[in-house]
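Engineer: The following block contains the structure, expressed as structure tokens.
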Amino acid sequence: MKILVTGADGFIGSHLCEFLVQKGYQVKAFTMYNSFGNNGWLDTTAPETLKHIEFFAGDIRDPNGVRTAMKGVDVVLHLAALIAIPYSYHSPDSYIDTNIKGTLNVVQAARDFGIRVVHTSTSEVYGTAQYVPIDELHPLVGQSPYSASKIGADQLALSFYRSFELPVTVIRPFNTYGPRQSARAVIPTIIGQIAAGASEIKLGALTPTRDFNFVLDTVAGFEKAIHSEKAIGEVVNLGSNFEISIGDTAKMIADVMNKDVSILLDEQRLRPKDSEVDRLYASNSKAKELLGWQPKYGGLEGFKNGLTATVDWFIEPRNLAKYKTDTYNV
Ligand SMILES: NC(=O)c1ccc[n+]([C@@H]2O[C@H](COP(=O)([O-])OP(=O)(O)OC[C@H]3O[C@@H](n4cnc5c(N)ncnc54)[C@H](O)[C@@H]3O)[C@@H](O)[C@H]2O)c1
């Protein structure tokens with residue numbers, strides 16, 4: 001089976017490509033074209049894995065490029081997206097072009113070639129939980145342009161199932177963390193600042209809760225989705241069914257790193273009141289039922305194990321050197 005992964009050069013996509021190679025799939029990595037020949041995080045992948053990956057450099061906004069990349073594949077795992085919430089406050093057009101138009105390009109080509117589609121959503125589409133745990137029937141509330149663009153992309157992908165019987169599954173990961181995550185996300189921000197020696201770390205809101213998932217659990221969910229007939233035409237949460245506040249997450253990380261730190265509120269990291277998602281806590285019953293998926297790093301103990309693996313990776317000097325720990329990364 002030949003699988004195209006879009007967003008392959010990013011955090012989750014690079015782990016996903018490596019996971020799929022280990023499982024024996026033929027993997028084609030769609031990376032974002034640049035004139036440096038830079039393949040993002042896949043540039044750090046071991047050569048013995050890399051030799052099994054075929055590369056295609058393009059732009060998800062370009063219909064012809066996407067069509068060219070998709071020719072000859074059996075499945076597309078579509079992860080390419082702009083994902084930073086603060087960036088979406090001032091450049092929403094690029095989110096429409098990348099997340100919605102990009103998804104349209106993927107499903108159009110998939111329809112023409114008869115390709116199975118696994119589209120990536122996000123828990124951000126639910127907005128602040130109106131009830132917990134959040135199941136797939138929870139209302140969708142776009143509290144940021146990013147979230148709104150993902151709601152649009154999800155609905156477009158599902159409309160191709162309903163209108164044309166295109167085999168589409170929408171995978172909806174809750175917050176994912178692990179090695180290689182960008183510093184715009186809270187866990188790398190906390191680890192990075194502590195690893196750089198700060199005794200006072202700068203953060204935004206501390207009370208919101210999140211349902212964190214270790215990246216290896218998330219990529220395992222994608223692989224299971226490929227084989228689930230029952231998941232065609234469905235939206236499936238990938239979440240650990242465990243919530244923790246940002247403040248308590250910071251304390252756990254400091255504990256794992258064996259450091260005493262205090263937390264300083266940094267106003268620029270606060271989101272507009274009605275845009276901040278206050279609570280995310282997933283139901284994963286549907287993923288268990290339709291995909292046979294269950295997190296290996298779930299619960300408090302699993303979270304601690306995932307954080308330990310993440311910290312171990314970040315504190316390697318060659319990894320930490322890739323991060324700007326003293327600035328607020330958007
Ligand atoms: N990280 C999380 O916590 C999380 C949670 C839920 C859902 N997601 C979703 O998972 C997917 C991957 O996110 P990530 O965390 O790995 O982020 P990331 O920023 O590391 O990866 C995004 C990828 O999209 C690619 N991309 C962006 N614009 C492109 C374009 N115009 N053409 C081609 N490629 C383009 C980037 O090169 C990058 O590889 C996204 O769809 C995101 O919405 C992430």
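Engineer: So what's the angle, to the nearest 10 degrees on a 0 to 90 scale, between helix 102-113 and the longest Cα principal axis of the chain?
Structural biologist: 30
Engineer: Using a Gaussian network for the chain with springs between C-alpha atoms less than 10 Å apart, which of these wobbles most: ALA81, ALA254, ALA282?
Structural biologist: With Cα springs under 10 Å in the chain, the top fluctuation among ALA81, ALA254, ALA282 is at ALA254.
Engineer: Viscosity 1.002 mPa s, temperature 20 °C: what is the translational diffusion coefficient of the chain from Stokes-Einstein with a Kirkwood Rh over Cα pairs, rounded to a whole number of µm²/s?
Structural biologist: 107
Engineer: Ok, one more. Using Cα positions and a limit of under 17 Å, work out the lysines in reach of LYS288, with same-chain residues fewer than 8 apart set aside.
Structural biologist: Hits, sequence-local ones excluded: LYS224, LYS230, LYS296.
Engineer: To continue, here is another question. GNM on the chain, C-alpha springs below 10 Å: top fluctuator among VAL107, VAL21, VAL76?
Structural biologist: Looking only at VAL107, VAL21, VAL76, the largest GNM fluctuation is found for VAL21.
Engineer: Let me ask something else about it. Regarding region 22-135, what whole-number volume in Å³ per residue does the convex hull of its Cα atoms give?
Structural biologist: Value for region 22-135: 160 Å³ per residue.
Engineer: Determine the percent antiparallel among the DSSP beta bridges restricted to the chain, to the nearest 5.
Structural biologist: Numbers: 2 of 37 bridges.
If I count the DSSP bridges inside the chain, around 5 percent turn out antiparallel.
Engineer: Provide, for region 17-132, the number of lysine pairs with alpha carbons under 21 Å apart, each pair being eight or more places apart or on different chains.
Structural biologist: So the count works out to 5.
Engineer: Helix 11-22 versus the longest principal axis of the chain: what angle, 0 to 90°, nearest 10, using Cα atoms?
Structural biologist: Approximately 60 degrees, to the nearest ten.
Engineer: Let me ask something additional. Exactly which chymotrypsin sites (Phe, Trp or Tyr not before Pro) in region 112-216 are in a DSSP loop and have at most 16 other Cβ atoms within 10 Å?
Structural biologist: Loop-located and lightly packed - TYR131.
Engineer: How about LYS259: which lysines have a C-alpha closer than 17 Å to its C-alpha, ignoring those fewer than 8 places off in the same chain?
Structural biologist: Cα-Cα hits under 17 Å: LYS202, LYS251, LYS304.
Engineer: Using only the alpha-carbon atoms of region 79-119, report the extent along each of the three principal axes, biggest first, to the nearest angstrom.
Structural biologist: Dimensions of region 79-119 along the principal axes of its Cα atoms: 37, 15, 8 Å.
Engineer: I'd like the accessible area for MET257: 1.4 Å probe, protein heavy atoms, all chains in place, Å² to the nearest 10.
Structural biologist: About 30 Å², rounded to the nearest 10.
Engineer: Quick check: the distance between the Cα centres of region 147-174 and region 200-214, to the nearest angstrom?
Structural biologist: Each part's Cα centre sits 28 Å from the other's.
Engineer: Tell me the trypsin sites (Lys or Arg not before Pro) within region 225-309 that lie in a loop according to DSSP and have at most 10 other beta-carbon atoms within 10 Å.
Structural biologist: Sparse-neighbourhood loop trypsin sites (Lys or Arg not before Pro): LYS273.
Engineer: How much of the accessible area of region 1-90, in percent, comes from carbon and sulfur atoms when a 1.4 Å probe is used?
Structural biologist: 53
Engineer: Let me ask something additional. Test of understanding: in a Gaussian network model of the chain with alpha carbons linked when under 10 Å, which of SER182, SER199, SER94 would top the mean-square fluctuation ranking?
Structural biologist: Sorting by GNM fluctuation, first place goes to SER199.
Engineer: Pick out, in residue order, every one of the chymotrypsin sites (Phe, Trp or Tyr not before Pro) in region 20-110 that is DSSP loop and has at most 10 other C-beta atoms within 10 Å; say none if there are none.
Structural biologist: Sites meeting the loop and neighbour criteria: PHE36.
Engineer: OK, next. Among DSSP beta bridges whose residues both lie in region 158-261, state the antiparallel percentage, nearest 5.
Structural biologist: 25
The values are calculated or read from the model by the stated rules, or taken from the named source; none is laboratory data. It should be emphasised that the depicted structure is a prediction, and the values quoted were computed from it without experimental measurement. Backbone-built Cβ (ideal geometry, glycine too); neighbour counts: all protein chains shown. For the accessible areas, the whole protein counts, side chains as well, though only heavy atoms, and no ligand, DNA or RNA atoms are used. Shrake-Rupley method; radii C 1.70, N 1.55, O 1.52, S 1.80 Å.
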